[in-house]
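Asker: So that we are looking at the same thing, I have put the structure below in structure tokens.
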Amino acid sequence: DVAYLRSVLPSTIDDAFFDYLATLDASEVTVTAIPEGSVVFARVPFLQVKGPLLVVQLLETTLLCLVNYASLVATNAARFRLLAGPDMKLIEMGLRRAQGPDGALSASKYSYIGGFDCTSNILAGKLYGIPVRGTIAHSFIMSFRCLEEVQPRELPPRAGGDPVDLADLAVSWLQRVCDLLQTPPSKANQGELAAFVSYAVTFPCDFQGLLDTYCVRRSGLPNFCAVALALHQLGYQAIGVRLDSGDLAQQSKEIRGVFQACGAHFQVPWFGTIPIAVSNDISEQSLEEFRRKGSEIDMIGIGTNLVTCPLQPSLGCVYKLVEVNGSPCLKLTEDEEKMTIPGMKTIYRLYDAAGHPFMDLMALEEEPSPSAGQELGIRVLGRLGETTKVIPTTVEPLHRTYFRDGQVCEPLPSLPEVRTHAQVSLNLLSPAHRRLHEPQPYPV
């Protein structure tokens, strides 16, 4: 590294500088941070780095790179979770649209922290232990043309016994389903039926259908029901369907009606509750529309609008010098938003009697810590000329020391622990601060 720097920096630089670079290490650096997964507000310093000036300057770009996109994705995922509610299953499906493989892995990891249940990115599952889920693909269905292409086609009953030709059994069920739905069996695509049968033979305990390759009502739905009912006859239970186009909310209600009709008519009680998953450029507006229209959707796959964060493509976290050798530093600028707040600070979160945080308080490190029940004179950022009195019920110091003397000194939580902490942290916020449209500003 030093040799490379010699080659790109001006030749007039003293050799002693490069000798000094070769001696740098992190043994004199201390890092305090607000725990990963915590809710953090604008202007609150969530990470503080103390150490020799050159070392902490070298850390700037790396730390911002690690924090900015991760925080952005986790926040975007949390917004989807808040809109979807606690019971909806959310699957991250953004691998193909993410900013390269590294961005995709970060998106999978931090969308899980933000509240998603699983990912379609199997490498993220391998590396981080995130639950993985996927669905059948359009290309798989389109690769079949007729039932004669299904090999193997026999499946033994789950309880044991002689194998049964599942393709023939599905064809007999297709006629009965089409009679019930009053749709001609000839409209059901034979290649699609073959794909469903082939998938069901391979995954009899995990059979699912993608319904919109050809026509949901005339083909995908009757073909799926036929194969699912054939599996049921052999003791197996289908696990779900996916829609990827059209009016997803309306179609989900129609599909639920068909499942319930089949369940009642053929006396298969679980059939009416088969999970329905949807995808297709799902956005926050899509989730609001599902809620407004009402739907029978159980799982939502979100890709592009999750991992690319179109509402805010980048997060503007910054890394600013606030003190050198005990002297506070202040950046003055024409842009008031870019002015820094001088001095090393400690951050406290103040809670009200209902257990909701209502304010983050920044104080200099040498100032005495506030106490629960103590009246505090504070000034809100943006209104520094006004002094306000507050009395917190609980006071929580937010920063913890994670790195000192070259060693990690705080046990780092597992990914599921960070995810749980993030959800608890979000749920502590009052509804007025948590709402996505015109939230009440959170004071600092």
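Asker: Rolling a 1.4 angstrom probe over the protein heavy atoms, how many square angstrom per residue are accessible across the chain? Display every interim value, and only then the final one.
Answerer: Numbers: 23350 Å² over 444 residues.
Value returned for the chain: 53 Å² of accessible area per residue.
Asker: Put +1 on the Cβ of every Lys and Arg and -1 on every Asp and Glu Cβ in segment 76-308; which of Pro222, Ser295, Trp173 then has its Cα farthest towards the positive end of the dipole?
Answerer: Ser295
Asker: Which of rounded, prolate or oblate describes segment 301-444 when judged by the alpha-carbon gyration tensor and an a/c cut-off of 1.5? Please report the intermediate quantities before stating the final value.
Answerer: Numbers: a/c = 1.25, a/b = 1.17, b/c = 1.08.
Note, shape of segment 301-444 comes out rounded.
Asker: Still on this structure, please answer the following. Taking N as the number of residues in segment 76-308, what is its Cα Rg relative to 2.2 N^0.38 Å?
Answerer: It is 1.04.
Asker: Calculate the translational D of segment 133-206 in whole µm² s⁻¹ from Stokes-Einstein, where the hydrodynamic radius comes from the Kirkwood formula applied to all Cα pairs, the temperature is 37 °C and the viscosity 0.692 mPa s.
Answerer: On the way: Rh = 13.2 Å.
It diffuses with D of about 249 µm²/s by this estimate.
Asker: State which helices in the chain qualify, where a helix is a whole DSSP H run, it must extend 27 Å or more along its own axis by its Cα atoms, and its mean Kyte-Doolittle hydropathy must be at least -0.5.
Answerer: Span-like helices here: 53-84.
Asker: Once a ≥ b ≥ c are taken as the square roots of the eigenvalues of the Cα gyration tensor of segment 43-114, is the result rounded (a/c under 1.5), prolate (a/b larger than b/c) or oblate (a/b not larger than b/c)?
Answerer: oblate
Asker: Moving on. Just the number, please: percent antiparallel of the DSSP beta bridges in segment 76-308, rounded to the nearest 5.
Answerer: 10
Asker: Moving on to the next point. Within a Cβ distance under 14 Å of Ile341, other residues only, what is the Lys/Arg minus Asp/Glu net charge? Show your work: numbers first, answer last.
Answerer: Numbers: positive: Arg43, Lys320, Lys331, Lys338, Lys345, Arg379; negative: Glu323, Glu336, Glu337, Asp360, Glu365, Glu367.
Residues close to Ile341 contribute a combined charge of 0.
Asker: May I pose another question? Which of Val171, Val324, Val258 ends up with the largest GNM mean-square fluctuation for the chain, with Cα atoms connected below 10 Å?
Answerer: Val324
Asker: Evaluate Rg over Rh across segment 287-336, taking Cα atoms for both radii and Kirkwood's formula for Rh.
Answerer: Values: Rg = 21.7 Å, Rh = 16.1 Å.
That ratio equals 1.35.
Asker: Also, I was wondering about something else. Check Glu154: other-chain or 5+ apart residues with amide H under 5 Å from its amide H, H built from backbone geometry?
Answerer: When sequence neighbours closer than 5 places are left aside, the close amide H contacts are Leu166.
Asker: Run through all the Cα pairs of the chain and give the fraction in each 10 Å bin from 0, expressed as whole percent.
Answerer: 4, 17, 22, 20, 14, 11, 9, 4, 0
Asker: What percentage of the solvent-accessible surface of segment 332-444, computed with a 1.4 Å probe over protein heavy atoms, is contributed by carbon and sulfur atoms?
Answerer: 52
Asker: Given the -39500 (n - 2.57) contribution per DSSP H run of 4+ residues, what per-residue ellipticity at 222 nm results for the chain, rounded to the nearest 500 deg cm²/dmol?
Answerer: -11500 deg cm²/dmol
Asker: Taking only the alpha-carbon atoms of segment 72-213, what semi-axes of the equivalent ellipsoid follow from 5 times the gyration tensor eigenvalues under a square root, in whole Å, largest first?
Answerer: Values: eigenvalues 272, 59, 46 Å².
Ellipsoid half-lengths, sorted descending, are 37, 17, 15 Å.
Asker: Can you give the net charge of the other residues whose Cβ lies under 12 Å from the Cβ of Gly103, counting K and R as +1 and D and E as -1?
Answerer: Once all neighbours under 12 Å are counted, the net charge is +2.
Asker: Once neighbouring chains are kept in place and the probe is 1.4 Å, which whole percent of the accessible area of segment 76-308 is contributed by carbon and sulfur?
Answerer: Result for segment 76-308: 50 percent of the exposed heavy-atom area is carbon or sulfur.
Asker: On to the next question. So what does log10 I(q)/I(0) come out to for segment 237-357 at q = 0.23 Å⁻¹, using the Debye formula with one equal point on every Cα and no solvent?
Answerer: The computed values of log10 I(q)/I(0) come out as -1.22.
Asker: As an exercise, identify the GluC sites (Glu not before Pro) in segment 240-343 lying in DSSP coil whose Cβ has no more than 15 other Cβ atoms within 10 Å.
Answerer: Glu334
The values are calculated or read from the model by the stated rules, or taken from the named source; none is laboratory data. The shown structure was predicted, so the numbers you read here are calculated from the model rather than taken from an experiment. For neighbour counting, all protein chains shown are included, and Cβ atoms are generated from backbone atoms with ideal geometry for every residue, glycine included. Each accessible area value is taken on the protein alone, full model and side chains, heavy atoms only, with ligands, DNA and RNA left out. Shrake-Rupley method; radii C 1.70, N 1.55, O 1.52, S 1.80 Å.
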